[in-house]
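S.K.: Quick one: structure below, then a few questions.
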Amino acid sequence: MSILTPEWTALLYLVSAVCFILALKGLSSPRHARRGNLIGSAGALLAVVTVFLSVKLENIPLILAAIAVGSAIAVPIARRVQMTQMPQLVGGFNGVGGGAAALVAVLELGHTDDPWVRIAIVFTMLIGAISFSGSAITVLKLQELMTTRPVLFPGLRWIMSIAVLASVAAAVLVVVTGSWIWAVALLILGLGVGVLLVLPVGGADVPIVISLLNAFTGIAVAASGIVLENVLLVVAGTLVGASGTILTMAMAKAMGRGVTGILFGAFKGGSTAGSTELSDRPVRSSSAEDVAVQLGYAQNVVIVPGYGLAVAQGQHTIAELATALEDRGVHVVFGIHPVAGRMPGHMNVLLAEANVPYESLKELGEVNPEFKSTDVVLVVGANDVVNPAAKSTPGSPIYGMPILEVGDANQIVFLKRSMRPGFAGIENELLYDPKTELLFGDAKDSLSQVLAAVKAL
């Protein structure tokens with residue numbers, strides 16, 4: 001017997017939905033992101049409690065056991081995950097959400113003869129399965145458990161087309177017959193489509209696909225809400241689907257490319273595909289002491305962080321370096337590209353963790369006009385987001401992508417581990433510019449040496 005009346009249930013669901021909306025609003029700014037997360041978590045908790053109090057549930061011990069097992073797995077992972085692995089974690093969450101929606105739809109298939117409900121069921125199954133398997137491939141790529149380059153083989157386009165058509169046919173048969181055999185076939189085909197969709201994507205395009213699959217998961221959850229006649233699931237899924245779509249479009253715009261080009265660009269050689277080739281062209285190497293002198297006696301310094309900073313866990317050291325420079329009267333800001341790192345906001349969160357003031361973080365459009373009056377740009381672990389090939393080399397994988405115009409500064413210093421190209425797999429001609437110097441080594445170690453030298457000035 002349910003404890004809550006339908007009126008109270010609807011009211012509590014409304015409160016949960018408002019919490020989800022406020023959470024998304026909070027996540028739009030680094031300053032309010034923590035609060036947004038807490039509000040969203042509170043909304044999710046309220047929603048779960050409302051279900052327990054408003055629905056006559058069976059097998060409650062099994063439900064509680066599943067929640068306990070899930071919590072036991074999730075909490076340690078969330079606490080131990082590194083910032084460099086956050087995109088993989090997001091990809092994993094996407095996949096689990098899509099897979100759960102697909103399984104719920106399968107279980108509901110035997111409980112209805114309504115063709116309209118079956119349409120919602122097959123839609124949830126297909127999209128959820130695509131999201132699950134596609135997300136699994138993105139995790140493997142980002143974790144480098146498989147190649148980050150596009151995976152192509154003869155006939156891939158034809159196989160993908162056949163798989164999509166077969167999925168549609170299986171979906172129609174499930175709606176018409178309600179057969180479990182065709183339902184299983186639809187799930188298998190959906191899993192196959194997800195894999196085939198992501199395999200041709202490589203390099204810096206993978207995080208964008210994660211965002212797209214996040215939208216897929218939201219749509220699948222919304223459809224499962226229709227199946228279960230749960231308004232809150234429809235609202236929550238729609239919010240995730242809409243926000244994921246907006247984020248995907250924003251990331252694609254930041255890369256200067258279209259979503260179709262990202263998904264299918266590899267067929268025409270247009271996908272960003274990581275490379276391991278090293279250049280043997282001469283560059284100007286520098287020392288930590290020389291870099292410290294340039295920074296310490298500058299008036300305006302812009303620091304451009306990238307994925308290499310996250311890998312080296314050098315955010316606290318670079319924050320301390322910025323403080324040391326400011327104590328010497330140097331004006332220091334951080335130039336943040338929308339896709340710096342491997343997900344939007346990656347650098348913002350990383351620097352916030354090191355207590356860098358939000359006012360010091362300048363987005364691309366805000367910081368680009370400042371480079372012409374900048375004495376020194378310190379590029380730490382970034383490559384593609386400052387690569388002039390995005391403007392000067394038609395046919396380049398990143399051509400058309402808006403970049404940080406660090407080439408306009410008076411002096412440029414790159415902190416790099418090696419001459420290996422960035423995630424897009426192309427050389428950066430800026431490295432060979434006469435006003436560019438390179439300090440080789442682990443980013444955290446190099447920053448520590450520069451910091452010590454600045455303090456000794």
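The values are calculated or read from the model by the stated rules, or taken from the named source; none is laboratory data. Because the structure is predicted, anything quoted here is derived from the model rather than measured. Every residue, glycine among them, receives a Cβ derived from its backbone with ideal geometry; neighbour counts consider all protein chains shown.
S.K.: Which residues, taken from the stretch 109-137, are surrounded by fewer than 24 Cβ atoms within 10 Å (Cβ to Cβ), part of a helix (DSSP H, G or I) and over 23 Å from the mean Cα position of the chain (by Cα)?
M.R.: Selection gives Leu109, Gly110, His111, Pro115, Trp116, Val117, Arg118, Ile119, Ala120, Phe123.
S.K.: With Gly381, Gly400, Gly407 as the choices, which residue is touching a helix residue (DSSP H, G or I) at 6+ places or on another chain (Cβ under 8 Å), under 20 Å from Ala288 (Cα atoms) and not β-branched (Val, Ile, Thr)?
M.R.: Gly381
S.K.: Return the total of residues in the stretch 138-168 being touching a Leu at 6+ places or on another chain (Cβ under 9 Å), of a type in the set (A, V, I, L, M, F, W, C) and either at pLDDT 95 or above or part of a helix (DSSP H, G or I) (or both).
M.R.: The total comes to 8.
S.K.: Would you check if Ala17 is closer than 30 Å to Met347 by Cα, hydrophobic (A, V, I, L, M, F, W, C) and either surrounded by 17 or more Cβ atoms within 10 Å (Cβ to Cβ) or in contact (Cβ under 8 Å) with a residue 60 or more places away in the chain (or both)?
M.R.: Criteria met by Ala17.
S.K.: Look through Leu247, Leu364, Leu295 and report the one residue that is in contact with a strand residue (DSSP E or B) (Cβ under 9 Å, 6 or more places away or on another chain) and at pLDDT below 90.
M.R.: Sole residue among the options that is in contact with a strand residue (DSSP E or B) (Cβ under 9 Å, 6 or more places away or on another chain) and at pLDDT below 90: Leu364.
S.K.: Restricting attention to the stretch 388-406, which residues are surrounded by fewer than 18 Cβ atoms within 10 Å (Cβ to Cβ), in a loop (DSSP other than H, G, I, E, B) and at pLDDT 80 or above?
M.R.: Scanning the stretch 388-406 gives a single hit, Pro388.
S.K.: Could you check, for the stretch 215-223, whether at least one of its residues is out of contact with any Gly (no Cβ under 7 Å at 6 or more places or on another chain), assigned to a helix (DSSP H, G or I) and under 20 Å from Ala23 (Cα atoms)?
M.R.: Among the residues of the stretch 215-223, not one is out of contact with any Gly (no Cβ under 7 Å at 6 or more places or on another chain), assigned to a helix (DSSP H, G or I) and under 20 Å from Ala23 (Cα atoms), which makes the answer no.
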